[in-house]
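A short write-up of the structure that comes next.
The values are calculated or read from the model by the stated rules, or taken from the named source; none is laboratory data. Worth saying up front: this structure is predicted, and the values here are computed from it rather than measured. Neighbour counts are summed over all protein chains in view; Cβ atoms, including those assigned to glycine, are modelled from backbone coordinates with ideal geometry. These accessible areas exclude ligands, DNA and RNA; they are computed on the full protein's heavy atoms, side chains included. Shrake-Rupley method; radii C 1.70, N 1.55, O 1.52, S 1.80 Å.
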Amino acid sequence: MARSSAAWSALFRGRYLVYTLLLTLSIGVHALGMHMLATVLPSIVADLGGATFYAWATLLYTIASIIGTVCGGLVTARLDLRRGYLVGALVFLGGSVGCAMAPHIAVLLLARTLQGLGSGLLVAIAYNMVSELYADVLRARVLSAISGMWGVAALLGPLVGGMFAASGWWRGAFWVTTPVLLPLSILAWYTLPPGESRKASGPIPLLRLALLGIGVLSVATSGQVLSLVLRLVLVSGAAVLVGWAFYRDGRATNRLFPSQPLSLNTSVGTASWIFLLFGITTSQATVFLPWLVHVLYDVSLLEAGYITALLSIAWTITALYSASLLDRQVRVGIVLGPLVMVGGGVGLAASIAHGPLPLLGLCVALIGAGIGVCFAHISSWSIAAARPGDSILTASSIPTIQSLGIAFGAAIAGLVANTAGLATDISLTTITAAATWVYRLGIIAPSILAVLAWRLVWLQQRRPRRTGIQNVRAEY
């Protein structure tokens, strides 16, 4: 890891100022929309009907968002950052306008799919910008800034969504993105470097995209079925389809992922498993948490939501603080972060049923804090370790693999809860037992993550070291 004296102010000098605004605000719009939806969705169903499709507004968005992040590297390679950003922003805007003007639930679901695709592209391209436009010494800071936007969205999303829901104008929750993304699109067109479009080395990988899409659809819909056997089939089938997509991608010339993305013998592959486990851990910790806290501790859903948001808030605070770590401190943070997550997971498993509530909140925050300490540095290491020509694919794969982890983590948590009896009985005794099992088994993912963090540090120490101090060039 190169030693650097780069400060936060370096992100806001010259053209870095514009780049930082573009990628953080596009991530912020995506994150805010996700947190707002939960509060406006009841109003949407009350107005348009379609209660049967209540969960599909989130499911379709999630599936399309993952496909969008998968395509981010491909779009950037075939176009460039500037045109890719514009495509993502316009697709997202088209989906948002479609949602805001939807006369029927079917139109809204179609528009949500479009919105998810655009948001996924924007997230992937934001990570590609980190790889292509920022010096190595600035990456940890800009990635921490991205984490900060998620924390802000976790705080503001429920409030803003609640305001629109309370006013009776739920459509405003979708219109609100327009005055942000339109100026960002214009700014991107005039400030991002044009770059050369690279000749496609093959056709669009429709089969691999289909395998990933069907796999994500299978794991997402597993939460909508009651049969334990069918759930198990869907989750297992999803794992096979996603694994097959990765296998085929490794043998293709027009790859969606970097070389050997899941190899434990490389820094990039080991980091990919860590990103997957980050997603699984956060999903298992939070998917049932608002409801469980609401039922078991008799607090309002808004209060329960903010206890859940402690994970994002702690993630943000520690990410911003740890961005200034250097050399040995970075290695310590990467090893320490997962151990803090394990501690939070153990505490959550012990306190979920009987509290006290402040202890439960502290344990939720510990999981977020552990991620925040190391996530940006692991991401930066992964991008820096990419093979020549793989940096864009490596960067765009980070949110993709993390999103896959979130999807599988939620499905596994649902499978455990149903096995514990939650599918057929929602008595307090059953809910308590299910919660206990979900969080006890939830300790497995961060424990594996802790081992992989040690391995990543070991692999990183074997890489050739750079010498000297890397200068940060500011453009005026």
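Data for the structure
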| read-out | value |
| --- | --- |
| Hits in the range 99-108 (condition: assigned to a helix (DSSP H, G or I) and open to solvent by 20 Å² or more (accessible area, probe 1.4 Å)) | MET101, ALA106, VAL107 |
| Every residue from the range 147-190 that is farther than 21 Å from ALA111 by Cα and in contact with a His (Cβ under 8 Å, 6 or more places away or on another chain) | ALA153, ALA154, LEU156, PRO158 |
| The listed residue being under 18 Å from SER283 (Cβ atoms) and assigned to a helix (DSSP H, G or I), out of PRO358, PRO338 | PRO338 |
| Residue within the range 352-368 that is of a type in the set (A, V, I, L, M) and without any contact (Cβ under 8 Å) to a residue 12 or more places away in the chain present | no |
| Count of the range 414-458 residues which are in a helix (DSSP H, G or I), surrounded by fewer than 20 Cβ atoms within 10 Å (Cβ to Cβ) and over 24 Å from the mean Cα position of the chain (by Cα) | 9 |
| Candidate set: the range 238-293, residues that are of a type in the set (S, T, N, Q) and outside any helix (DSSP H, G or I); chosen: the one farthest from ALA413 (Cα to Cα) | THR253 |
| Which numbered condition LEU325 fails, given (1) assigned to a loop (DSSP other than H, G, I, E, B); (2) more than 24 Å from TYR127 (Cβ to Cβ) | (2) |
| Only one of THR281, THR266 that is at pLDDT 90 or above and surrounded by fewer than 23 Cβ atoms within 10 Å (Cβ to Cβ) | THR266 |
| Residues that are of a type outside the set (Phe, Trp, Tyr) and in contact with a Leu (Cβ under 7 Å, 6 or more places away or on another chain), drawn from the range 230-247 | ARG231, LEU232, VAL235, LEU241, VAL242, ALA245 |
| Close pairs (7 angstrom Cβ cut-off, 6 or more residues apart or separate chains): among the small types (Gly, Ala, Ser) in the range 17-37, modelled with pLDDT under 90 and open to solvent by 20 Å² or more (accessible area, probe 1.4 Å) anywhere | GLY28/MET149; GLY28/VAL152; ALA31/MET149; ALA31/TRP150 |
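Results for (1) surrounded by 18 or more Cβ atoms within 10 Å (Cβ to Cβ); (2) touching a residue at least 60 places away in the same chain (Cβ under 8 Å), shown as yes or no for each residue.
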| position | (1), (2) |
| --- | --- |
| SER43 | yes, yes |
| ASP47 | no, yes |
| ALA51 | no, no |
| THR58 | no, no |
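Residues checked against (1) over 24 Å from TYR297 (Cβ atoms); (2) basic (Lys, Arg); (3) crowded, with 24+ Cβ neighbours inside 10 Å:
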residue: TRP315; (1), (2), (3): no, no, yes
residue: SER324; (1), (2), (3): yes, no, no
residue: ARG331; (1), (2), (3): yes, yes, no
residue: LEU336; (1), (2), (3): yes, no, no
residue: MET341; (1), (2), (3): no, no, yes
residue: ALA349; (1), (2), (3): no, no, no
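For (1) open to solvent by 10 Å² or more (accessible area, probe 1.4 Å); (2) of a type in the set (Phe, Trp, Tyr); (3) in contact with a helix residue (DSSP H, G or I) (Cβ under 7 Å, 6 or more places away or on another chain); (4) modelled with pLDDT of 90 or more, each residue gets a yes or a no:
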position: LEU360; (1), (2), (3), (4): no, no, yes, yes
position: LEU366; (1), (2), (3), (4): yes, no, yes, yes
position: ALA369; (1), (2), (3), (4): yes, no, yes, yes
position: GLY389; (1), (2), (3), (4): yes, no, no, no
position: LEU404; (1), (2), (3), (4): no, no, yes, yes
